[in-house]
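Written out below as structure tokens is the structure these notes cover.
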Amino acid sequence: MVETLTAALWAVNINLPTVSLAGWIASVDAQMAQAQAGGAQLLMLPEFACAQWLSFAPGGLALTNQVPWLASLADEALAALRPLPSRYGIALLPGTLPYAEAAGKNKPPSYHNRAFLLLPDGRVFTQDKLCLTPSERNPEGWLLTPGKRLNVIDWQGLRIAIVICLDVEFTALWARLARLDLDLILVPAKTDMLSGFYRVFGCARARAIELQTVVCAAGAIGIPLAPVAVDTVLGGAAAYVPCEASLGFTGINAALEPHAASSGLSPLLFANDLPIGAARRIRHGAAEAEVWPGSWTAEHVTIANAKPRS
């Protein structure tokens, strides 16, 4: 069973243009090589890293057609990415992308915001975003369909979940995840402003404490084709662990400050030797926790004066 894991977290600057899908695949290939050279066992890209493809989209592509166009390239992109994990011996989460699901005879497809985890042994796992933002369910823009299932992934003795951006913010989900004995949680994200960055990354840090586990987050930088002077989308990356003395007190294994598109950077953060085994022992009561009483559901608590405000 894995004791430690090094993750490479790529805060992709999607404001930087790419000339073709092949060019984008080549950039991922290059980062896989860099991740391997840095001793990583996993490379993670942010939510909607594929939006960089819009830089070579057909001219005049309407906002309502962006999701179907991106989804039309999904299978080609995945086919090109699938050999990389076995080539480099590293797992790859290439962010999320719109993915079409057939809705039935004579009905248009629905589109999910879907993450793919490609493993070196050839297995592929998926996870759909469960709670969508208003911009992801806009009939006049990006119209997506929320997922209804959360998948637990087994890899090298680890229990892994992928929780996409906004899904990290809601305790209704995390109270259920707390019962699953998760070793590693991956959070690909994309936030529109600094406030969103701190919401998502702050909640990811809190979840590492709540579940006594390791949480890695990577956020996209920028908007495709936007002038950098008005591009408010900031992204960064971080790896969080429980706030315990034996794990270094702060709960932060590695963190990259939020970057703006104007930086011109697309930085890669190495989260080295994530203490997965040590966190597991604390979670199981086989190592000392300062105050953590174990997963706590509050089901026994009665709430007084719980009537809704009139």
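Each value in this text was obtained by applying a stated rule to the coordinates, not by laboratory testing. Keep in mind it's a predicted model, so treat the numbers as computed, not measured. Heads up, the Cβs are rebuilt from the backbone with ideal geometry, glycines too, and the neighbour counts pull from every protein chain shown.
The alpha carbon centroids of region 101-135 and region 137-167 are separated by 8 Å. Helix-only estimate, please: 222 nm mean residue ellipticity of the chain, summing -39500 (n - 2.57) across DSSP H runs of length 4 or more and dividing by its residues, to the nearest 500. About -7000 deg cm²/dmol. Considering only beta bridges that DSSP places wholly inside region 131-221, some 35 percent are antiparallel.
Between PHE116, PHE197, PHE56, the residue with the greatest mean-square fluctuation in the GNM of the chain (Cα pairs under 10 Å linked by springs) is PHE56. Shown for PHE170, PHE125, PHE201: other C-beta atoms within 10 Å of each C-beta, ranked fewest to most, produce the order PHE170, PHE125, PHE201. Across the chain, the relative contact order, built from alpha-carbon pairs under 8 Å that are at least six residues apart, equals 21 percent.
Taking chymotrypsin sites (Phe, Trp or Tyr not before Pro) across region 203-273, the ones in a DSSP loop with at most 15 further Cβ atoms lying within 10 angstrom of their Cβ are PHE249. Our note on the geometry: Cα centres of region 249-263 and region 28-43, 19 Å apart. Of the peptides 219-230, 37-48, the ranking by mean beta-carbon count within 10 Å, highest at the top, reads 37-48, 219-230. Which loop trypsin sites (Lys or Arg not before Pro) in region 113-183, with loop taken from DSSP, have no more than 13 other Cβ atoms within 10 angstrom of their Cβ? Here the trypsin sites (Lys or Arg not before Pro) that fit, given the DSSP loop and packing criteria, are ARG123, LYS148, ARG149, ARG179. Ordered by the count of other Cβ atoms within 10 Å of each Cβ, fewest first, CYS165, CYS203 give CYS203, CYS165. Note on region 5-283: antiparallel DSSP beta bridges, both residues inside, total approximately 65 percent of the bridges counted.
Measuring how big region 1-106 is from its alpha-carbon positions, Rg and Dmax come out at 15.4, 51 Å. Rg then Dmax, both in Å and based on the Cα atoms of region 159-259: 14.1, 46. Computed from the C-beta positions of SER27 and ASP181, the FRET efficiency with R₀ = 41 Å rounds to 0.70. Report the net charge of residues surrounding ASP181, where surrounding means a beta-carbon distance below 10 angstrom and charges are Lys +1, Arg +1, Asp -1, Glu -1. Residues near ASP181 contribute +3 overall. Ordering ASP167, ASP75 by the number of other Cβ atoms within 10 Å of each residue's own Cβ, fewest first, gives ASP75, ASP167. Annotation for region 232-310: GluC sites (Glu not before Pro) lying in DSSP loop with at most 16 further Cβ atoms inside 10 Å of their Cβ are GLU288, GLU290, GLU299. When only the Cβ of Lys, Arg, Asp and Glu is charged (+1, +1, -1, -1), the dipole of region 5-283 relative to its Cα centre reaches about 640 debye.
What FRET efficiency, computed as 1/(1 + (r/R0)^6) with R0 = 22 Å and r the Cβ-Cβ distance, is obtained for PHE249 and ALA286, rounded to the nearest 0.05? Efficiency, rounded to the nearest 0.05: 0.60. Out of every Cα-Cα pair that region 125-187 contains, those further apart than 16 angstrom amount to 48 percent. For region 167-240, the dipole from Cβ point charges (+1 on Lys and Arg, -1 on Asp and Glu) about the Cα centre works out to 100 debye, to the nearest 20. For the chain, the convex hull spanned by the alpha carbon atoms encloses 165 Å³ per residue. Taking every DSSP bridge with both residues inside region 1-123, close to 50 percent are antiparallel.
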